[in-house]
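Engineer: I'd like to ask some things about the structure below.
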Amino acid sequence: MSSTQGKYNIKAVSTMLGIQSGTLRAWERRYKMIRPTRNEAGHRLYTDEHIKVLKWLIDKVNRGFTISQAVSLLESNQSQQTTISEENTTTNESHVESVSDELLDALLRFNEREAQMKLDHAFSLFTPEKVAIDIVGPILVKIGDLWESNEISSVHEHFASNFLRSRLGMMLVSMPANHMQPKAVCVCGPNERHELGILIFSLYLKRQGYDVVYLGQSIAPGDVEVIVNELKPKYLFLSCTMKKNIPSTVHIADALKERYPDLEIGLGGFALDTLPHKDKEPVKPYIIGSTSTEWEEWLSNHS
């Protein structure tokens with residue numbers, strides 16, 4: 001059967017895409033982005049092309065766009081004769097770097113509106129993981145370097161960090177949770193306040209299907225055990241960005257691992273990633289790394 005022939009009724013599409021039938025009807029009525037045919041009984045019939053469009057829109061909504069923004073983006077892409085498939089989008093590294101530089105420039109000029117547009121554009125081109133890891137991550141490093149070298153003020157650093165934290169946070173909570181999958185608790189280690197790294201990792205986990213409980217900035221060490229007892233997660237991830245906090249972070253990991261042998265504990269963050277080899281070796285089983293490839297390998301070894 002041709003991909004342009006209607007063959008899926010609305011119930012099948014609802015089940016396939018995990019979206020309510022009423023939502024599908026509302027989207028069709030309000031935005032007219034697809035026009036399913038009708039059978040003799042008057043029931044909607046969706047084509048394979050309709051399914052591709054709906055998947056694309058749902059993906060954008062899951063990334064933090066409103067449905068109206070997603071539809072506008074779809075119409076813009078179609079007017080430029082671009083495909084809705086991200087696999088066919090140009091994702092070369094020079095393009096990533098260009099988008100990253102433009103976003104950083106907007107942030108350092110305190111131009112929130114332009115920064116929103118640049119980040120929206122990035123999400124229209126790349127997967128959330130790529131935006132978070134290959135665009136937002138390097139921007140944070142650059143901002144840190146500029147601040148340490150006194151090329152920008154703390155005001156610039158706070159504005160940029162808060163903007164990025166807000167957008168990634170909205171994206172994380174907008175993604176549907178899959179409570180049938182392994183539960184992962186993500187939180188900063190003792191006395192840690194820099195949460196963007198663990199936020200990016202939480203986003204990665206949720207996109208991989210994990211049931212993520214994101215706690216953000218540091219909580220009292222004793223409360224970590226309370227969370228473990230209450231939620232009974234399969235994974236606990238702690239972030240450590242400051243070297244002075246490494247001993248206390250590792251101490252919590254060791255204590256929890258001894259008390260809960262089945263709990264898989266991972267540690268990440270700048271402080272751990274930059275440890276000398278001899279210092280990293282004793283805690284190597286905990287360290288999750290800083291790239292999606294390293295994260296995938298760690299999760300595979302601890303599944």
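Engineer: State all residues of the stretch 209-252 that are within 30 Å of D59 (Cα to Cα) and touching a Ser or Thr at 6+ places or on another chain (Cβ under 6 Å); if no residue qualifies, say none.
Structural biologist: The answer is V212, Y214, L238.
Engineer: Right, something else. Against the condition assigned to a helix (DSSP H, G or I), at negative phi and surrounded by 18 or more Cβ atoms within 10 Å (Cβ to Cβ), how does L164 come out, does it pass?
Structural biologist: yes
Engineer: Taking the condition of being touching a helix residue (DSSP H, G or I) at 6+ places or on another chain (Cβ under 8 Å), of a type in the set (G, A, S) and not in a helix (DSSP H, G or I), how many residues in the stretch 197-220 meet it?
Structural biologist: Summing the residues that are touching a helix residue (DSSP H, G or I) at 6+ places or on another chain (Cβ under 8 Å), of a type in the set (G, A, S) and not in a helix (DSSP H, G or I) in the stretch 197-220 gives 1.
Engineer: Can you name the helices (runs of 4 or more DSSP H) wholly within the stretch 235-282 that have at least 2 residues being at pLDDT 90 or above and closer than 17 Å to H302 by Cα?
Structural biologist: 246-259
Engineer: If I ask for residues that are under 17 Å from E258 (Cβ atoms) and in contact (Cβ under 8 Å) with a residue 24 or more places away in the chain, which ones from the stretch 215-226 would you list?
Structural biologist: Within the stretch 215-226, P221, V224, E225 meet the criteria.
Engineer: Take V187 and decide whether it is buried (at least 22 other Cβ atoms within 10 Å of the Cβ), modelled with pLDDT of 90 or more and outside any helix (DSSP H, G or I).
Structural biologist: Judged against the criteria, V187 is a match.
Engineer: Here's something else I'd like to know. Can you name the residue in the stretch 196-223 that is of a type in the set (G, A, S) and closer than 22 Å to F126 by Cα and, of all such residues, is surrounded by the most Cβ atoms within 10 Å (Cβ to Cβ)?
Structural biologist: Per the stated criteria, the residue is S202.
Okay, residues lined up against (1) at pLDDT below 85; (2) over 12 Å from the mean Cα position of the chain (by Cα):
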{"site": "I133", "(1), (2)": "yes, no"}
{"site": "V136", "(1), (2)": "no, no"}
{"site": "I143", "(1), (2)": "no, yes"}
{"site": "V155", "(1), (2)": "no, yes"}
{"site": "F163", "(1), (2)": "no, yes"}
{"site": "R167", "(1), (2)": "no, no"}
{"site": "M175", "(1), (2)": "yes, no"}
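Let's see how each residue does on (1) crowded, with 19+ Cβ neighbours inside 10 Å; (2) assigned to a helix (DSSP H, G or I); (3) touching a Pro at 6+ places or on another chain (Cβ under 9 Å); (4) without any contact (Cβ under 8 Å) to a residue 40 or more places away in the chain:
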| site | (1), (2), (3), (4) |
| --- | --- |
| A115 | yes, yes, no, no |
| K118 | yes, yes, no, yes |
| H121 | no, yes, no, yes |
| E129 | no, yes, no, no |
| A132 | yes, yes, no, no |
| V141 | no, yes, no, yes |
| E157 | no, yes, no, yes |
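Engineer: Quick one: what pairs do we get from the stretch 19-39, first residue in contact (Cβ under 8 Å) with a residue 40 or more places away in the chain, second β-branched (V, I, T), C-beta under 9 Å, 6+ apart or different chains?
Structural biologist: W27/I19; W27/I34; W27/I67; W27/V71; Y31/I67; Y31/V71; M33/V53; M33/V71
Engineer: Quick one: R193 ticks every box in (1) charged (D, E, K, R); (2) crowded, with 17+ Cβ neighbours inside 10 Å; (3) within 25 Å of P247 (Cα to Cα) except a single one, so which number is it?
Structural biologist: Only one criterion is unmet by R193, namely (2).
Engineer: Just one of Q5, Q20 is out of contact with any Pro (no Cβ under 6 Å at 6 or more places or on another chain), outside the structural domain of R207 (by TED's automatic domain parsing) and within 19 Å of A177 (Cα to Cα); which is it?
Structural biologist: Only one candidate passes the filter, namely Q20.
The values are calculated or read from the model by the stated rules, or taken from the named source; none is laboratory data. Model, not experiment: these values are computed from the prediction. All Cβ positions, even for glycine, are placed from backbone atoms using ideal geometry, and neighbour counts span all protein chains on display.
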